[in-house]
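This report refers to the structure that appears directly beneath it.
Since every read-out is calculated from the coordinates, none of them should be taken as a lab result. Values in this document were obtained by computation on a predicted structure and should not be read as measured data. For neighbour counting, all protein chains shown are included, and Cβ atoms are generated from backbone atoms with ideal geometry for every residue, glycine included.
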Amino acid sequence: MTSYTLIGLMSGTSMDGLDISCCSYSISPDEEWSYSLIHVKSVTFPSKILNKLKKSYNYSANELLVLDKQLGLFYAQEVNIFIEEHKIDRSEIDAIASHGHTIFHQPEKGYTYQIGCGDTIAFHTKLKVINDFRQKDVIAGGQGAPLVPIGDSLLFSSHADAFLNLGGFANCCILSSSIIAFDISPANLPLNKCIGNLGFEFDYKGNNARKGVIDEVALEKLNSLAFYQQTPPKSIGVEWLNEHFYPIIEEINSSEDQLRTIIEHVAYQIGNSLNELFANRLLVTGGGVYNDFLMKRIEHHFNGNIIVPNKELIEFKEALIFGFLGALFLANCPNTLAIVTGAKKDTRGGILHYP
């Protein structure tokens with residue numbers, strides 16, 4: 001049995017912070033993978049960095065280069081604190097696997113861009129770092145997303161036959177005769193943007209959305225967007241929200257009505273997509289799990305059974321799986337599946353940085 005111990009770093013588009021995991025991944029002689037989660041931690045972004053991330057989509061190249069280094073330094077500092085807090089022996093860590101923070105994602109134009117400088121992290125932690133996992137798949141003609149399904153398939157197939165992550169966007173993976181995975185719709189990102197108009201960072205349990213009324217005209221426009229008529233593989237980014245989604249939402253006057261309409265749209269798209277693929281047992285993770293009203297509406301539209309795992313998996317499954325992508329990289333195995341991204345072939349994505 002061969003084992004790898006990695007620190008996984010995940011920063012999602014919802015910008016709620018940095019998730020850190022320390023996990024051991026083992027592959028048996030018959031090539032079966034397993035994992036053991038050792039330590040986890042979630043860190044909120046300092047206000048200075050958070051404000052820059054929120055504005056970063058409009059930054060110049062020079063400003064992005066500076067933010068890339070600043071974010072890499074923040075990651076490194078938090079990893080060092082994490083290691084000290086849990087008394088982790090650095091010599092036992094094979095590498096850090098970092099997703100980075102997505103700024104641009106336009107695979108149809110041949111690029112995707114995540115910041116959080118790998119060399120900076122490696123230098124300041126004195127550990128190897130693997131990052132930039134999406135780029136090679138895009139070069140191979142793929143969407144560069146989703147990347148998590150290989151972890152669903154190799155680590156979590158005994159839990160369910162379908163997986164839903166409710167982060168900034170809602171993405172799914174269905175394990176059937178093959179693997180189908182794609183971005184379904186936005187999720188927390190537009191909800192957090194709308195609740196910000198009321199002075200909150202997020203809508204606690206969906207309580208403000210409950211007060212709103214669905215704008216049926218806007219809902220029909222949202223459900224008619226061309227993205228939902230496309231077949232997988234497909235993915236969306238912030239640019240799509242700015243161009244297609246937010247202009248419709250801005251036609252709704254009340255923030256509560258905006259929230260209520262978004263909730264119904266997201267829940268409908270999730271239920272409809274999963275029902276069409278005959279999903280049965282659905283494991284749901286990500287911060288959106290804590291939005292009780294969103295979960296209630298998903299349950300209304302979805303025909304199967306919903307499984308909510310323990311708190312560690314809800315919050316750290318993606319960090320855990322990005323650590324796994326790093327383990328696959330070190331094992332010289334493909335870590336990106338062409339069948340879900342649409343690439344010409346499976347690829348071994350990532351760039352290795354030495355301290």
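Using equal-weight Cα scatterers in the Debye expression, the normalised intensity of region 1-86 in log10 at q = 0.26 Å⁻¹ is -1.26. The aspartates and glutamates within cross-link reach of residue 41, meaning a Cα-to-Cα straight distance under 18 Å and a gap of 8 or more places when in the same chain, are 16, 19, 78, 84, 85, 89, 312, 315, 318. Among 311, 87, a tally of other beta-carbon atoms within 10 Å of each Cβ gives an order, fewest to most, of 87, 311.
In the neighborhood of residue 340, defined by Cβ-to-Cβ distances under 12 Å, what is the net charge if each Lys or Arg adds +1 and each Asp or Glu adds -1?
Working: positive: 234; negative: 137, 152, 183, 346.
After counting each charged neighbour, the total is -3.
About the Cα centre, and with charges only on the beta carbon of Lys, Arg (+1) and Asp, Glu (-1), how big is the dipole of region 132-215? Nearest 20 debye, please.
Numbers: 6 positive and 8 negative charges, 46 e Å.
The dipole magnitude comes to about 220 debye.
Let me test this: with uniform point scatterers at the alpha carbons of region 160-308, what is the Debye-based log₁₀ I(q)/I(0) at q = 0.14 1/Å? Results for region 160-308 at q = 0.14 Å⁻¹ read -0.61.
This model, with +1 at the C-beta of Lys and Arg and -1 at the C-beta of Asp and Glu, gives the chain a dipole about its Cα centre of some 440 debye.
Here 159, 353 are placed in order of increasing Cβ neighbour count within 10 Å, fewest first, which gives 159, 353. Plainly put, the chain has a radius of gyration that is 0.95 times its Kirkwood radius, both from alpha-carbon atoms, as the Rg/Rh ratio.
Helical runs (DSSP H, four residues minimum) scored at -39500 (n - 2.57) apiece and divided by the length of the chain put the mean residue ellipticity at 222 nm at -11500 deg cm²/dmol. For residue 180, neighbours were defined as the other residues whose beta-carbon sits under 14 Å from its Cβ, and their charges (Lys and Arg +1, Asp and Glu -1) total -3.
Could you tell me which of rounded, prolate or oblate describes region 268-351, using a ≥ b ≥ c as the square roots of the eigenvalues of the alpha-carbon gyration tensor, with rounded for a/c under 1.5 and, failing that, prolate when a/b is larger than b/c and oblate otherwise? The shape class here is oblate. A full extension of the chain between residue 126 and residue 332 corresponds to an added length of 71.9 nm, given 0.36 nm per residue minus the alpha carbon distance.
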